[in-house]
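Q: First the structure, then my questions, so here it is.
Bear in mind these aren't lab numbers, they're just calculated from the coordinates by the rules spelled out. Quick caveat: nothing in here was measured; it's all calculated off a predicted structure. Using ideal geometry, Cβ is built from the backbone for each residue, glycine included, and neighbour counts are taken over all protein chains shown.
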Amino acid sequence: MREAPLPAAEAPRRGRTLRQQEARAGLALLSPTLIVVLAVVVLPILWTILIAFQRLRLRDLRRSGILGTELTLRNFETVLTSSGFLDALRVTLIYSVVGTALSIGLGLVAALVVRKPFRGRTLVRASMLLPYVAPVVAVTFVWEVLLHPELGLVNAVGADLLGWKDRIPFLDQRTGTLSLLGVDLGVPTALLVIIAYQAWRYFPFSFLFILARLQALPADLDEAARVDGATPLQRFRHITLPQLKGVIALLAVLRFIWTFNEFDDVYLLTEGGAGTEVVSVRVFRYLTGRGDVGAAAALSLVLAAVLAVLLLLYFRFFVGRSRDAEAI
Amino acid sequence: MSRTGVDTEVAGRTPGAETTRRRRPAARPLSREIVETRVLGVLKWVTIAFFVVATIFPFYYMLLLSVRSIEDLALDPGALWPPRGVSLDAFGQVLRGVDDGGQGFITFLRNSGIIAVGTVVATLLVSILGAYAISRLEFFGRRQVHFLFLAVYLFPAILLAIPLFVLFTRIGLRGSLLGLTIVYISQTVPVTIHMLRNYFVTVPASLEEAAALDGATRLQIIRRVALPLAKPAIMATSLFVFMIAWNEFLFALLFLVEDRGRWTVSLGLSQLSGSIEVAKTVLMAGSVILTVPIIVLFFATERLLVEGLTSGAEKG
């Protein structure tokens, strides 16, 4: 742990200014944090880059040295040209964009309906946070059983009340047929389920932050608009929504990043089967299924790089442009 | 939402409304206001009901299945209450050790408890010092370092998992509860520093300055003055860390999967849910055991937690 930027090497000297003393104390108190973050986060991330350029197999882990093998681009070649890579990227994008939009949309609606005090509001608010705080393994298991073809409530209700002829294996079905007004539409069943789950589990996060912002909004603007004859919908559209733009934009970025990197939810629901293989799950499969550590590292770097590029584009075009629009 | 707008437009153009408008010029905007307020007033309660059902029902279903037998469930999967009475057998079965014909969740509970409590204690020790430094002391890079820590959260967990997997295999920490605890500390320290810092900056520094004038050292000031004041924030932060450590799945899967004796509750549940030998209702009891501590903690501290997490957010 010699990397820690502890100024301990300097012998204590008299005549240091108060300012210098404070700076040293600050760094000393921060050093445990810095050590942990450096050793278990920063250095490992850097190490991933090195591993991505090495031929490293799971079974060789205990034997090979850190710089054991020569550097190569083969891992990237393997993961980028493998069949299914582009599909995984496409699925990840759809999952992230739709999942983010739905979770923020639901969060906004939920925040709006509990904005004003009513009896039992505290309880309602707490219940809306449940999906987010409950253990991921427990809630995915409940969803799994709810959607189970034989034991699940959804299929039972569908068969009894809606007259479904065939049970639907929601988590194992790549493409289902939806008959709407006599037209058969192909729908990606399992993908839709993991997106719905994403919306259900993470809307509380948006709800919490949008509600906090809503309750801090000054009432006078809304009041003035009411006096001027603006209806509730008009006041929402022209007074409230513009003031929420900041927090919604922030949520969009955070939720997109986290959904894009999501592993637990998808792996626990479908293990990446039936057309739901997102890139994170694919990385996991390279690591444990094929035992190819190098390829897993390379693919995880590709994931991070794609995310970085998307964020860059977002800030460059979207944020930049809306600022220009405001200036006009 | 938009549909109600259209409806009121249409309502405003009906002949009846036309005549009212002729008599009272202010009638049209007034009626639109009334219609919207009424429709939204009803919609609001429908929406609240929808959200409450959607969020609570899965947990009710979890509880319901944990007290039904698997044969009973297979006969009548659509029942919304236990049709043939409540049975707590599944809980005994899931908790008992494997040797006694159970699933060994009591061991998993012990492992989860050790890891979660260990993570809470270590994370708090580290982050109280760090958060105090960032909020009270002036040093080079203090403003940046805080955001740098939060940047940890932007990297895919799976990216971090690979080198940690390799490293911990090499130094022999993989498969140990200690190794997993270390990873959890690194994962929770950034956000606990953020939460505690938000609290420390709201506490006036004058008390601490008085203590400093009386000759107290920096660590004494933290222990005797800052900590007692920050008790609510520390409580909220501890619970938050506990929940993260208790709920975590990916690292537990990568590090502990090989030895059943070291599984956490989350890992045990996920591993057994794939097998066809263990009845779903028994595992539902396992889910209840996994979820109840978290829900109890959450309801006990909901207000503290929410304030700790969103403080600063209202400034948008």
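Q: Apply the Karplus curve 6.51 cos²θ - 1.76 cosθ + 1.60, θ = phi - 60°, to the phi angles in region A:224-236 and return the couplings in whole Hz, x for Gly and Pro.
A: Couplings: 4, 5, 5, 4, 6, x, 6, 7, x, 5, 5, 5, 5 Hz.
Q: Can you tell me the Rg and Dmax of region A:74-154, counting just the alpha carbons, in angstroms?
A: In Å, with Rg to one decimal and Dmax whole: 19.3, 63.
Q: Fully extended, how many nm does the chain gain between B:Leu229 and B:Arg303 (0.36 nm per residue separation, minus their Cα-Cα distance)? Show your work: numbers first, answer last.
A: Numbers: separation 74, 0.36 × 74 = 26.64 nm, distance 1.79 nm.
Length difference between fully extended and current span is 24.9 nm.
Q: Ok, one more. Check which residues have an amide H placed less than 5 Å from A:Gly176's amide H, if you skip close sequence neighbours.
A: When sequence neighbours closer than 5 places are left aside, the close amide H contacts are A:Val187, A:Thr189.
Q: From the P(r) of region B:30-94, can you give the percent of Cα pairs sitting at distances over 18 Å?
A: Values: 1172 of 2080 pairs.
Value for region B:30-94: 56 percent of Cα pairs lie more than 18 Å apart.
Q: Using alpha carbons only, what's the Rg to Rh ratio of region A:152-255 with Rh from Kirkwood? Walk me through the intermediate numbers first.
A: Numbers: Rg = 21.0 Å, Rh = 17.7 Å.
Result: Rg/Rh = 1.19.
Q: Here's something else I'd like to know. When averaged across all projection directions, what area in nm² does the alpha-carbon convex hull of region A:122-192 cover?
A: Numbers: hull surface 26.5 nm².
For the Cα atoms of region A:122-192, the hull's average projected area reads 6.6 nm².
Q: Return a whole-number percent for the relative contact order of chain A, with Cα pairs under 8 Å and 6 or more residues apart as the contact set. Mind showing how you got there, number by number?
A: Numbers: 324 pairs, mean separation 85.5, N = 328.
Here the relative contact order equals 26 percent.
Q: R0 = 25 Å: FRET efficiency of A:Ala39 with A:Thr288, Cβ-based, nearest 0.05?
A: Given R0 = 25 Å and the Cβ-Cβ separation, E is 0.55.
Q: ³J(HN,Hα) across region A:146-154 via Karplus (A = 6.51, B = -1.76, C = 1.60, θ = phi - 60°), whole Hz, x for Gly/Pro?
A: Rounded to whole hertz, the list is 4, 9, 4, x, 9, 8, x, 5, 4.
Q: Using only atoms on other chains, find how many Cβ atoms lie within 10 Å of each Cβ of peptide B:31-38 and report the average.
A: Counting other chains' Cβ atoms within 10 Å and averaging over B:31-38 gives 3.
Q: I need the semi-axes of the equivalent ellipsoid of chain A: take the C-alpha gyration tensor, multiply each eigenvalue by 5, square-root it, list largest first in whole angstrom. It would help to have the intermediate numbers written out before the result.
A: Numbers: eigenvalues 324, 252, 80 Å².
Largest first, chain A gives 40, 36, 20 Å.
Q: Taking only pairs that are 8 or more places apart or on different chains, how many Lys pairs in the protein assembly as shown have Cα atoms under 29 angstrom apart? Walk me through the numbers before you get to the answer.
A: Numbers: A:Lys116/A:Lys245; A:Lys116/B:Lys44; A:Lys116/B:Lys315; A:Lys165/B:Lys280; A:Lys245/B:Lys44; A:Lys245/B:Lys315; B:Lys44/B:Lys315; B:Lys231/B:Lys315.
Summing the qualifying lysine pairs gives 8.
Q: Shielding of A:19-28 by partners, i.e. mean partner chain Cβ atoms within 10 Å per residue? Let's see the in-between values first.
A: Values: counts 2, 1, 2, 6, 6, 2, 8, 13, 7, 5.
If you average over the peptide's residues, the count of other-chain Cβ atoms is 5.
Q: Taking Cα pairs under 8 Å and at least six residues apart, what relative contact order does chain B come out at, in percent?
A: On the way: 286 pairs, mean separation 75.9, N = 316.
Rounded, it is 24 percent for chain B.
Q: Tell me the net charge near A:Asp265. Cut-off is 12 Å between Cβ atoms, A:Asp265 excluded, with +1 for each Lys or Arg and -1 for each Asp or Glu.
A: Working: positive: A:Arg201; negative: A:Glu144, A:Glu262, A:Asp264, A:Glu271.
Overall, the nearby charge balance is -3.
Q: Report the paramagnetic label zone for B:Val201: residues of region B:120-161 whose backbone N is under 15 Å from a point 7 Å from Cα along the Cα-to-Cβ axis.
A: In region B:120-161, the label zone of B:Val201 (backbone N under 15 Å from the point 7 Å along Cα→Cβ) covers B:131-139, B:141-150.
Q: What ranking, highest mean first, results for peptides A:219-228, B:52-61, A:24-33, A:90-99 when packing means the other Cβ atoms within 10 Å averaged over each residue?
A: Values: A:219-228: 12.1, B:52-61: 16.8, A:24-33: 21.6, A:90-99: 19.2.
The densest-packed peptide leads the list: A:24-33, A:90-99, B:52-61, A:219-228.
Q: Continuing with this model, one more query. D for the protein assembly as shown, whole µm²/s, Stokes-Einstein with Kirkwood Rh over alpha-carbon pairs at 25 °C and 0.890 mPa s: what number?
A: Values: Rh = 27.5 Å.
So the translational diffusion coefficient is about 89 µm²/s.
Q: Another question, if that's okay. So what is the 222 nm mean residue ellipticity for chain B from helices alone, if each DSSP H run of at least 4 adds -39500 (n - 2.57) and you divide by all residues, rounding to the nearest 500 deg cm²/dmol?
A: Values: 15 runs with 229 residues, N = 316.
Helix contribution divided over all residues of chain B: -24000 deg cm²/dmol.
Q: So between A:Leu123 and A:Val97, what do we pick up on full extension, going 0.36 nm a residue minus the alpha carbon distance? Don't jump to the answer; show the numbers that get you there.
A: Working: separation 26, 0.36 × 26 = 9.36 nm, distance 3.09 nm.
Here the answer is 6.3 nm.
Q: Shielding by partners for B:278-291, please: the mean number of other protein chain Cβ atoms within 10 Å of each residue's Cβ. If you can, show how the numbers build up before the last one.
A: Numbers: counts 0, 1, 6, 2, 0, 4, 4, 0, 3, 9, 1, 1, 6, 9.
That works out to 3 on average.
Q: Over the Cα atoms, compute the radius of gyration (one decimal) and Dmax (the largest Cα-Cα distance, rounded to a whole number) for region A:194-298, in Å.
A: Cα-based Rg and Dmax for region A:194-298 come out at 20.8, 68 Å.
Q: Oh, and also: If the chain between B:Ile171 and B:Thr310 were fully stretched, how many nm would it gain, using 0.36 nm times the residue separation less the Cα-Cα distance? List each step's numbers first, then the result.
A: On the way: separation 139, 0.36 × 139 = 50.04 nm, distance 3.91 nm.
Result for the pair: 46.1 nm of gain on full extension.
Q: I'd like the per residue volume of the convex hull spanned by the Cα atoms of chain B, given in cubic angstrom.
A: Numbers: hull volume 75.2 nm³, N = 316.
With only Cα atoms used, chain B gives 238 Å³ per residue.
Q: Short version: what are the Cα gyration tensor semi-axes of region B:205-256, square root of 5 times each eigenvalue, largest first, in whole Å?
A: Working: eigenvalues 274, 29, 7 Å².
Over the Cα atoms of region B:205-256, the ellipsoid semi-axes are 37, 12, 6 Å.
Q: Per residue of region B:238-250, what does 6.51 cos²θ - 1.76 cosθ + 1.60 with θ = phi - 60° give for ³J(HN,Hα)? Whole Hz please, x for Gly and Pro, Karplus curve as stated.
A: 4, 5, 4, 5, 4, 4, 4, 5, 5, 8, 4, 10, 4
Q: Check A:Leu217: other-chain or 5+ apart residues with amide H under 5 Å from its amide H, H built from backbone geometry?
A: Those lying under 5 Å, H to H, from A:Leu217: there are none.
Q: Once every DSSP H run of n ≥ 4 in chain A is given -39500 (n - 2.57) and the sum is divided by its residues, what mean residue ellipticity at 222 nm do you get, rounded to the nearest 500 deg cm²/dmol? Could the numbers behind the result be given before it?
A: Values: 15 runs with 202 residues, N = 328.
So the helix-based figure for chain A works out to -19500 deg cm²/dmol.
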